[in-house]
1. Scan region 235-289 residue by residue and report those that are on the phi < 0 side of the Ramachandran plot and in a loop (DSSP other than H, G, I, E, B).
2. Please work out which residue is farthest from T369 (Cα to Cα), limiting yourself to region 226-253 and to residues that are polar (S, T, N, Q) and at pLDDT 90 or above.
3. For region 248-276: of the residues being β-branched (V, I, T) and buried (at least 24 other Cβ atoms within 10 Å of the Cβ), which is nearest to N160 (Cα to Cα)?
4. Among S399, S389, which is outside any helix (DSSP H, G or I) and either of a type in the set (S, T, Y) or modelled with pLDDT of 90 or more (or both)?
5. Suppose we keep only residues that are within 12 Å of T156 (Cβ to Cβ), of a type in the set (A, V, I, L, M) and in a helix (DSSP H, G or I) within region 347-367. Which one would you say is modelled with the highest pLDDT?
6. Answer yes or no: is there a residue in region 442-451 that is surrounded by fewer than 20 Cβ atoms within 10 Å (Cβ to Cβ), out of contact with any helix residue (DSSP H, G or I) (no Cβ under 9 Å at 6 or more places or on another chain) and either modelled with pLDDT of 75 or more or not in a helix (DSSP H, G or I) (or both).
7. Does region 258-276 contain at least one residue that is over 30 Å from L401 (Cα atoms), aromatic (F, W, Y) and touching a residue at least 24 places away in the same chain (Cβ under 8 Å)?
8. Quick one: which helices (runs of 4 or more DSSP H) lie wholly within region 134-196 and hold at least 1 residues that are more than 26 Å from M269 (Cβ to Cβ)?
Amino acid sequence: MTEQHSGECRNGSGEGMKKALSYRWVVWGVMVFAFMVVFFHRFAAAVVKDDVTREFSLSATAFGAMASMYFYAYMLMQIPVGFLADSLGARITVSLGMFLAGAGSVIFGFAPSSLWLFIGRFLVGIGVSTVFVSIMKIQSQWYRDSEFATISGATTLVGNAGGIFSQGPLALLISVVSWRTGFVAIGLLTVAIAALCFRFIRNRPQDMGLPPVNEREIARANLRPEPFSVVSGLKSVLSVRGILPATFFYLFNQAGFFALIGTWGIPWMVNAYGLSVQEASSYSVILIFGIMAGGFITGWISDRLGKRKAPMLVSSVLHMVLWAVILLSENGMPPLGTLKILFFLLGITNTAFVLSWSVAKELTSEKFTGLAISILNAAGFLSIAVCTSVMGWVLDLFSGLSPAGAYRMAFILPLVSATLSVISVLFIPETGTGKKRGRQIESPVKENEVSSNGKVFY
């Protein structure tokens, strides 16, 4: 590195830094566009549930299992994707992943049998699994530590907009053409986005000859890097105090809510309330608006307070209470006017998961940021897959009850998972900048990033 760049790295000034601070929005914009498509794929199954089950004669258990293929694939890929993001880089990882997701969506649209539905959904899950960890890795390279929770919240806000298109607009589309045409179209769009990712994404400012933006990268600018190691990565991440409770929090926080919004919310409103798919989709969108608002607000509040644990605890407790309100309503069916409010608040309070990304980042070495977040994400998507499948089994088990009664029994699972998320938060250490921790205040390079020979991990 030249002396000029070294000076830019130290004082955060210079033309190079200005270019880096400008181009990061291009990188983030392309990544978040891909993230929008991820949410479209994630939530789309709920909209086509009736069409698919009718055409292929699927039970609730079978449909739940098929929908879960996305989440199982996503979960299985998290650790590999974490290593890919940390070693191969986000650019290549995301580009290949989006291409595979597009192919899976096309296969789903052309499925001649239920087996191909499972295969297509599984391939989509594998492909889109590359996006989240990669965008977190990108943000850790292109944004400062004090900006991370806020930009993560903004990512959640914009990314969830893709979920909006998977609800009302998709419901309208399949009413005009067919569910098959809709999935083929989104598959081709996903392939096009893969090309955009390859063209515009850069893993870090230094790849463009620009100075680093993140404080720890600046501190490491003139230090010799060590090679990436799978074994050292696992040891480094799993040995850190606080990672396991953060992982369990993410697991329980995600399970019930995303089983609702991703698979069972629309069928519940159609079968219990007697709404049309289009009407039910408009209610489901409220959940997404809640996530969009809550993700940004939660991240911003956390960065302003310099605390992670307190906002996570407050949000989790409120989320648990909201699920209890739904179950304690008459026959588990709040009035539709009240349901709108409950859905919006459910979305807002679920977004404590945004802060668990910051916790993982702040507890572990920068070298293994992608891996740390991928461990949390793997746990979360495993729980979503299991909860989605089990809720389908519960619905079949209690099929002798009214639709409302059967769904009420199934919704016990989200309440239990929300309660366990509250308990998990209690064991998470505070990692925010408001906590007077010497290694955070004194130096942007963490103690566990320095090896025995004095070199610093990169």
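1. S239, V240, R241, L275, S276
2. The residue in question is N253.
3. The extreme case among them is I261.
4. Values: S389 fails: outside any helix (DSSP H, G or I).
Being outside any helix (DSSP H, G or I) and either of a type in the set (S, T, Y) or modelled with pLDDT of 90 or more (or both) holds for just one of S399, S389, which is S399.
5. Result: I348.
6. Checking region 442-451: at least one residue is surrounded by fewer than 20 Cβ atoms within 10 Å (Cβ to Cβ), out of contact with any helix residue (DSSP H, G or I) (no Cβ under 9 Å at 6 or more places or on another chain) and either modelled with pLDDT of 75 or more or not in a helix (DSSP H, G or I) (or both).
7. Going through region 258-276, the residues over 30 Å from L401 (Cα atoms) turn out to be none.
Taking every residue of region 258-276 in turn, none turns out to be over 30 Å from L401 (Cα atoms), aromatic (F, W, Y) and touching a residue at least 24 places away in the same chain (Cβ under 8 Å).
8. 148-159
The values are calculated or read from the model by the stated rules, or taken from the named source; none is laboratory data. What you see is a predicted model, and the numbers here were worked out from it, not measured in a lab. We place every Cβ from the backbone using ideal geometry, glycine too, and count neighbours over all the protein chains shown.
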